[in-house]
Amino acid sequence: MGWGRATATGGWLSIVAALCIWGCDLRGTAPPQPVDLSPQVNETSGRRNAHRPGFLPWAEDQADMIIVDKTSRRLVLYQYGEPVSSYPVVLGRNPGRKRFEGDRRTPSGLYQITQKRPHPKYDRFLAIDYPNERDLEEYRAALSQKPGASFGRHIGPGGMVGIHGSDSEVLNQLGVNWTFGCVSLANHDVEELYAEVSEGTPVLIRDEQQP
């Protein structure tokens, strides 16, 4: 599967390398200083400007990239490093990063959109590739610490996680985290995002800042 309108393997590797420099620890350790992912958005400007607030120089060759920040509960869409859209989101009912099926937490890490489809309940659904290999490794590590554990009646890391709309938008408006692990936007926002991005778009979900 391609990377949307972006360069394929080279673009992905450059993103991973840049994230390490930028301060995103893909192993789960939050960076010491929070990064503001709610920049002022100029939706009419298509020019790259490395001096503009919010510009990501390491993503300037990436046609589309989504960053979800759990601390600010914002989703920002970048195009060629420029922030073009910013939306409020709500997350899983429980804080922390997803570990297993039914924990009602939102995963954290670097993913990609694997499928786009209309949804009868949540308006639009953009599936991501959770669990990826890193998630599976962390799940197996958690099991090894508690041999025979099944996390209650749930076995497995879970799945069917994505970005979608809402069937109760008043909860989104109030900022209530109500999902089972997905990222939820208002329906008009998810429709706009859905129209902008393609399958293969990278999605970075950042952990809450730890005390």
- [ ] Please arrange 91, 126 by counting, for each residue, the other beta carbons lying within 10 Å of its beta carbon, fewest first.
- [x] 91, 126
- [ ] Mind listing the long-range amide H neighbours of residue 204? Cut-off is under 5 Å, sequence gap 5 or more, other chains count too, H placed in the peptide plane at 1.01 Å from N.
- [x] 66, 67, 68, 111
TODO: Please list the non-local residues whose amide H lies under 5 Å from the amide H of residue 156, H modeled 1.01 Å from N, same-chain partners needing a gap of 5 or more.
DONE: 101
Open item on the list: Give me 137, 199 sorted ascending by neighbouring Cβ count inside 10 Å, so fewest comes first.
Closed with: 137, 199
- [ ] Would you mind getting the Kirkwood hydrodynamic radius of region 169-211 from its Cα pairs, rounded to one decimal in Å?
- [x] 12.6 Å
Task: Label-point separation, residue 198 to residue 132 (7 Å along Cα→Cβ), nm - done: 2.0 nm
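Throughout, read-outs are computed from the coordinates displayed, never taken from laboratory work. Keep in mind that this is a model prediction, so the values were computed, not measured. Neighbour counts are summed over all protein chains in view; Cβ atoms, including those assigned to glycine, are modelled from backbone coordinates with ideal geometry.
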